[in-house]
Amino acid sequence: MGKFLANHLQATSRRGGGTRKKKEKASGVRKEETQCKKFEDLKQKLKCLVKAAKGTKPEKRHLVNAKLRLCSDCAGMGADLVALRLLGLSRRVKPVCWSEIDSSKISLYKAVAKACGIKLEGTHKPQSVFHRNHEDSPASDIYVAGYPCPAFSSLGHGRGIVDEAGRGLVGLSALQYVCHHRPSLCILENVTGVLHKKNRPYRRVLEKVFQGLNYDLHMKVLNTQDYGIPQSRRRLYMVAIREDQKVKRFKWPEKRNLSVNALKQFLDRGTSGTEILDLSKHTRAKGVSEADLWEKACVLDVGSSAKFQCGRTGRTPCLTRARLQQRPIGFYVPRLKRRLLISEALRLQGYPDQLLQPLLDATDQSESKVGAALGDGMSVNVLSAVLGTALASVGVNAKNKPWMEVVSAKDVRQEANRQSLSCVATCAENGCPAKQVRANFVDGDSHGP
């Protein structure tokens, strides 16, 4: 066992001697020892896989016009699918493998895929990464994962690799897939607690695996509010690009400035309530008065302890699972005298309004389940921006587009033929060259939305 882990266990065994029963303390230490041993086993397994991979050449594909095979671990409610849809790549994406153990999120992921026009038929059944046969899983070009954050979050006690539920080891277990199939592009997301010094052993393993597999690895903390949506949500993004697939240098997406009144665009201002709450605890921020909170657009976290109750205008606090699944929702909009709506939370995570009804239908109209998945997931606007620049570095050019209703290729062709025939008839009456009009219409519109 590593020196760092041995010291950690020794410190844990001395912790709280007078406040916990001896049996509980002994049980907790045994569980931590078990997780430490699992970490060491995974570390050695990954080391062997990296060593074996160095003797083989990975599959090299030209991705400019090819189908983009996608693998999603801890898939959640499909932020990667929506991001690719907004990048205009939904018809090129082919999901080949995905993992998820939450039944509600599995239903949500399928609903999002259907709404995005992305077929999941033929993909491996969703399952835990601990039980997946990584070697026999299909290879992919894009690997996206938002690993469980409670093990590294202060709200989840930040136990790291010794988290009793094993959530701190999910990411390392999933890396076995990367070792076997070496996707062209990997994007990982987690809370900033991963950067804490006590999680250094976990981070070192991640870095060594990607470096050993000849990936160009980049890490940066990005905030949702810097990419067009007024939510303060800081997350660590890791982008790994295989050196032999890289056609140009990777650059992090540029920030977008938000206007002071940007939050108003994300709130349903026509829906107001009558709930009046005491806002005195939310005036600790410099330059913010209680009158400002009532008059200006803001969203307050009223479900948290006094320590975190700090109001700011023009931005929302981080939308967490705990608050979004509360009933009533743990976020309050003072100006409208009501709680935050699930439709507004959806927008503040970057999902288009058209997805609200399919998501509710997938969970039997349970806003609590949709809210829980939203709080756990990635912000679509940030992921879309990162995916766009990362794909450009491997030769796939994509630009953000507004959401449009998904139309099948067959419907597009039928509509093109119907309208072009109508144009031909009109031009025949007016003496226009019908062939040229038909060609212009089909060339310009046959690609669909």
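The values are calculated or read from the model by the stated rules, or taken from the named source; none is laboratory data. No experiment lies behind these values; they were computed from the predicted model shown. Neighbour counts run over all protein chains shown; Cβ positions are idealised from the backbone, glycine included.
Points worth noting:
- Taken over region 57-94, the criterion of being among the polar types (S, T, N, Q) and crowded, with 24+ Cβ neighbours inside 10 Å is satisfied by 72 alone.
- Candidates 72, 90: the one that is within 25 Å of residue 369 (Cβ to Cβ), within 14 Å of the chain's Cα centre (by Cα) and among the hydroxyl-bearing types (Ser, Thr, Tyr) is 72.
Per-residue answers, yes or no, for (1) farther than 30 Å from residue 388 by Cβ; (2) in a loop (DSSP other than H, G, I, E, B); (3) at pLDDT below 90:
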site	(1), (2), (3)
253	no, yes, no
260	no, yes, yes
278	yes, yes, yes
294	yes, no, yes
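- None of 149, 116 is out of contact with any Asp or Glu (no Cβ under 7 Å at 6 or more places or on another chain), crowded, with 19+ Cβ neighbours inside 10 Å and within 28 Å of residue 31 (Cα to Cα) except 149.
- Checking 114, 119, 110 one by one, the residue that is assigned to a loop (DSSP other than H, G, I, E, B), among the basic types (Lys, Arg) and over 13 Å from residue 178 (Cα atoms) is 119 and no other.
- Looking only at region 241-280, residues that are over 30 Å from residue 336 (Cβ atoms) and without any contact (Cβ under 8 Å) to a residue 60 or more places away in the chain come to 2 in all.
- So residue 99, is it within 25 Å of residue 381 (Cβ to Cβ), among the hydroxyl-bearing types (Ser, Thr, Tyr) and surrounded by 21 or more Cβ atoms within 10 Å (Cβ to Cβ): yes
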